[in-house]
């Protein structure tokens, strides 16, 4: 299920922070927002501060827990270490960005000695289009 479709099922949805939302929890009588909603890696993450379970929240919305995952039961290929390191660095840098730039996604372009020209051309093209880009140069194997 797409996050936008999920948010339309909730009441009192408000943006919270750079990448999350709050709303009234549908699983209990909620006067104020107690449900935290975030999306990470194609998964909709929920937390009710009143203690409702994910199963109870999904049941009250008449959806299945597996609907919270973009591609259920699909094993994901691990990212190369260089990409994980670049993403970790980017998370640290985000704190120094403006609020508007913090909400923008960052594309990581993986480069090595064999595809360096193509990777740099892709990074430049993405930058010209207004995207934030991080180029990660893979070290040569010894």
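Contact map, the range 104-129: first residue closer than 23 Å to residue 19 by Cβ, second residue assigned to a loop (DSSP other than H, G, I, E, B), Cβ cut-off under 6 Å, separation 6 or more or different chains; pairs are 107/131. Take residue 43 and tell me if it is modelled with pLDDT of 85 or more and under 23 Å from residue 106 (Cβ atoms). Here the answer is yes, as residue 43 does meet what is asked. For the range 101-116, the candidate set comprises residues that are modelled with pLDDT of 70 or more and out of contact with any strand residue (DSSP E or B) (no Cβ under 9 Å at 6 or more places or on another chain); within that set, the residue that is surrounded by the fewest Cβ atoms within 10 Å (Cβ to Cβ) is 114. Is there a residue in the range 118-129 that is at pLDDT below 90 and touching a helix residue (DSSP H, G or I) at 6+ places or on another chain (Cβ under 9 Å)? No.
The values are calculated or read from the model by the stated rules, or taken from the named source; none is laboratory data. In this text, all values refer to a predicted model and were calculated from it rather than measured experimentally. Counting neighbours? That spans all protein chains shown, and the Cβs are built from the backbone with ideal geometry, glycine included.
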